[in-house]
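Enquirer: I am attaching a structure below and will ask some questions about it afterwards.
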Amino acid sequence: MSKNLVIVESPTKAKTIGKILGPDFSVVSSMGHIIDLPQKELGVDIDNKFKPKYVVIPTRKKLLTQLRKEAKLKEKIYVATDPDREGEAIGWQIKEKVFKGKDVLRVSFHEITPHAVGEAFKAAREFDANMIEAQVGRRILDRIVGYFLSPLLWKKLARGLSAGRVQSVALKLIVERERQIQAFTSSEYWEVVAELFKPKVFGESKFCAKLEKIDHKKAEIKTKDDAESIVSQLKDKEFKVLEIKQTEKKRYAPAPFITSTMQQEAFNKLRFNASKTMLVAQQLYEGIDIGGDNPIGLITYMRTDSPNTAPEAIIEVREHIGRIFGKDFVPEKPNVFKAKKSAQQAHEAIRPSYVSRSPESLKDFLNHDQFRLYELIYNRFLASQMKPAEFLATTVDIAADKYLFVANGSHLLFEGFLAAYNKTEEEEKEGEEDEKEKTKNVIPPLAQGEVLGLDKLTPSQHFTKPPPRFSDSSLIKALEEEGIGRPSTYAPIIYTLILRDYVRRIKGYLNPTELGFKVSDMLVEYFPKIIDVRFTAIMEEKLDEIEEGKLKRIEVLKEFYAPFKESLDFAQANIKKEVITTDQFCDKCGKSLIVKWGRRGKFLSCSDFPTCKNSKSITSGVKCPAENCGGELIERRSKRGFFFGCSNFPKCTFTSRTLPQEKE
Ligand SMILES: [Zn+2]
Ligand SMILES: [Zn+2]
């Protein structure tokens, strides 16, 4: 019979920690939160200092009784939930609701290794009241917004809709971007590239130069005729080297991952969406069975905004880099990375728990996704403590009459961190693409005044492009830059918008739906301040300040509630149902049909509702692929998000996330 009880929030974590702690400790899982605000009411007493009314989650009642029984025979109780606000709050709830009056200690660690867990138990402490205050503050803010906004959306658009505080700001960014794309008109332009060579060494010396200036002004070529006339004028001109500039450039090692950069890179390199990245990272953190009898934790905690690395891990990785890549790749002093203002200093970056466990050595124990994410985290961590890459950048100005051509080349002098962590083709940043082009352009040794041979002049047509739609990666980057959202919220923000069918992820990019446009427009019209980017960023900062003990929860809630209440009162008095007309008519009474949204998606309703209850689905026009069905596919919404269903439902239960290609 073990003497101590340890509570964590997930069964895998319980198993991993159980193995480390041994037979004196019995480790059980709380399966997440045990108490929460009630489902069917506000649960916040606004007039009484915004006091929250927490209740036991109905499905957790049995577990609660079990935990109390377990605790009776134990000497000590420890709560070892995740090391952040959420974990602190879950732990506190357990202490308050399950073991009220008992001595319960908090232990927190950033990786599940024998060393980290051992140290954490030695440093077992009281709960961090400020951290809990910040979490409760966020929960109350979000509840107030969700609770009061939803009925307004029902009044204006459709029952069952809801809107969240930070998600609505993200939705606004996505909708604004879509409008920029819609308003964009593409214009044509042309480029002229010359392929040049040193007359005596034709083959090996060929390189490219782009026409940049005409008569000292930026070359702006609008039409094919203009481009062709330039080409014909240039045919017999002398191409002469005007100036050669060479500079040595360093590219410094990237910081090890924090949540936001891991989500961005996992999207760019592996095409993982943010939720998938977090799910797989959690598996690696909580423990993977690698052939022993119990799982072991492979990475540090995945929700963090601190790029710090534990000193022991730095010593270990420097030795490892020296062994694998050579001493030349190890910088004299460890690389140090600056954290953002809001970052928690005590936290750590996401890194492998054991540098000695290479991705290859774990290949047989990880599934494909786990392997690829582990490899990314592992290599990024190695790179973070390596020397910079060094390049020799060459720029050559070449004159041909009044035309100025520029050749750019880049030559790698020292690989540095690129030996461990290479940028791949899928990189989203445009600057990186440029760098690649330059590396491909090998410029031979040239002298000022040297006359070059002209092999080819190629005009090419281009069009200006609209700004790109957001991807998971670029949206997280934008949210982070604006100061909205925190490590624990990036993935849920995107997930929730998709679940509500305000946004659809198509080929990796986030497209607002018609409903998304409408919800966003309504919020912008009636709650401009609440979904203002700057205001939301300030609220996030204030929540951080509660955690640092600099602000009281009540002050932050008051500051938010005053402008919110003002907008709310105005909206409640003025908001009207939006009617979307169509050119179709009711086949029962002949009146016009209007568009409505219901629990299951968009449909056509008789404008004389409720007198005439006739309604019609809106079909996609695509036939149901189920055999002998003959129905058509219809856009539907469910609790799990958007899908296509069959018009013959419930007779036919075909569903699909995408529209199947119509067969002839
Ligand atoms: Zn009708
Ligand atoms: Zn069907």
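The values are calculated or read from the model by the stated rules, or taken from the named source; none is laboratory data. Nothing here was measured: the structure is a model prediction, and the numbers come from that model. Here Cβ is always computed from backbone atoms with ideal geometry, including for glycine, and neighbour counts include all displayed protein chains. Only protein heavy atoms, including side chains, enter the accessible area calculation; ligands, DNA and RNA are left aside. Shrake-Rupley method; radii C 1.70, N 1.55, O 1.52, S 1.80 Å.
Enquirer: Output ³J(HN,Hα) for the stretch 29-42: one whole-Hz value per residue in order, computed from phi by the Karplus curve 6.51 cos²θ - 1.76 cosθ + 1.60 with θ = phi - 60°, and x for Gly and Pro.
Expert: Values per residue, Gly and Pro as x: 9, 8, 6, x, 5, 9, 10, 7, 5, x, 5, 9, 9, 4 Hz.
Enquirer: Could I ask something else about it? For V336 and K529 in one chain, what is 0.36 nm times their gap in residues minus the Cα-Cα distance, to one decimal in nm?
Expert: 65.6 nm
Enquirer: Just from its helices, what would the mean residue ellipticity at 222 nm be for the chain, if runs of 4 or more DSSP H residues each count -39500 (n - 2.57) and the sum is divided by every residue, rounded to the nearest 500 deg cm²/dmol?
Expert: Counting only the DSSP helices, I get -12000 deg cm²/dmol.
Enquirer: Please list 3J(HN,Hα) in residue order for the stretch 218-234, calculated via the Karplus relation 6.51 cos²θ - 1.76 cosθ + 1.60 where θ = phi - 60°; whole Hz, with x for glycine and proline.
Expert: Couplings: 3, 6, 10, 10, 8, 10, 5, 4, 4, 4, 5, 5, 5, 4, 5, 5, 7 Hz.
Enquirer: Moving on. For the stretch 194-279, state which trypsin sites (Lys or Arg not before Pro) are in a DSSP loop and have at most 16 other beta carbons lying within 10 Å of their beta carbon.
Expert: Those that pass, being in a loop and sparsely packed, are K222, K235, K237, R271.
Enquirer: For an R0 of 22 angstrom, estimate the FRET efficiency from the Cβ-Cβ distance between S638 and I580 and round to the nearest 0.05.
Expert: That pair, S638 with I580, gives E of 0.50.
Enquirer: Related question: Using mean Cβ contacts within 10 Å as the protection proxy, how do 151-164, 571-584 order, highest first?
Expert: Top of the packing list down: 151-164, 571-584.
Enquirer: In the chain, carbon and sulfur make up what percent of the accessible area (probe 1.4 Å)?
Expert: 51 percent
Enquirer: OK, next. Between the stretch 1-64 and the stretch 208-268, what's the alpha-carbon centroid distance in Å?
Expert: Centre-to-centre (Cα) distance: 57 Å.
Enquirer: Using Cα positions and a limit of under 16 Å, work out the aspartates and glutamates in reach of K623, with same-chain residues fewer than 8 apart set aside.
Expert: Cα-Cα hits under 16 Å: E632, E635, E662, E664.
Enquirer: Are there GluC sites (Glu not before Pro) in the stretch 213-284 that DSSP puts in a loop and that have at most 12 other Cβ atoms within 10 Å, and which ones?
Expert: Sparse-neighbourhood loop GluC sites (Glu not before Pro): E220, E238.
Enquirer: Counting only residues 5 or more places away or on other chains, whose amide H sits under 5 Å from the amide H of E212 once H atoms are built in the peptide plane?
Expert: L404, F405, V406
Enquirer: Now a separate question. Skipping prolines and chain starts, which residues have an amide H placed within reach, meaning under 5 Å, of the one on V27, given they are 5 or more residues away or on another chain?
Expert: Placed amide hydrogens put V6 under 5 Å from V27.
Enquirer: Read phi for every residue in the stretch 618-624 and hand back ³J(HN,Hα) as whole Hz from Karplus 6.51 cos²θ - 1.76 cosθ + 1.60, θ = phi - 60°, with x for Gly and Pro.
Expert: 9, 8, 7, x, 9, 5, 5
Enquirer: Now for a different question. What number comes out for accessible area per residue over the chain if the probe is 1.4 Å? Units Å², please.
Expert: Per-residue accessible area for the chain comes out at 51 Å².
Enquirer: List the residues, sorted by chain then number, that are 5 or more residues from E450 or on another chain and whose placed amide H is less than 5 Å from its amide H.
Expert: V241
Enquirer: Let me ask something else about it. How much FRET efficiency would the formula 1/(1 + (r/R0)^6) give for D103 and K51, where r is the Cβ-Cβ distance and R0 is 22 Å, rounded to 0.05?
Expert: Efficiency at R0 = 22 Å is approximately 0.25.
Enquirer: Checking the cross-link filter: which lysines have an alpha carbon closer than 21 Å to that of K19, excluding same-chain neighbours under 8 positions apart?
Expert: Once the sequence-local lysines are set aside, what remains near K19 is K3, K74, K76, K122.
Enquirer: Now for a separate question. Compute the signed sum of charges (Lys and Arg +1, Asp and Glu -1) over the other residues within less than 12 Å, Cβ to Cβ, of W92.
Expert: -1
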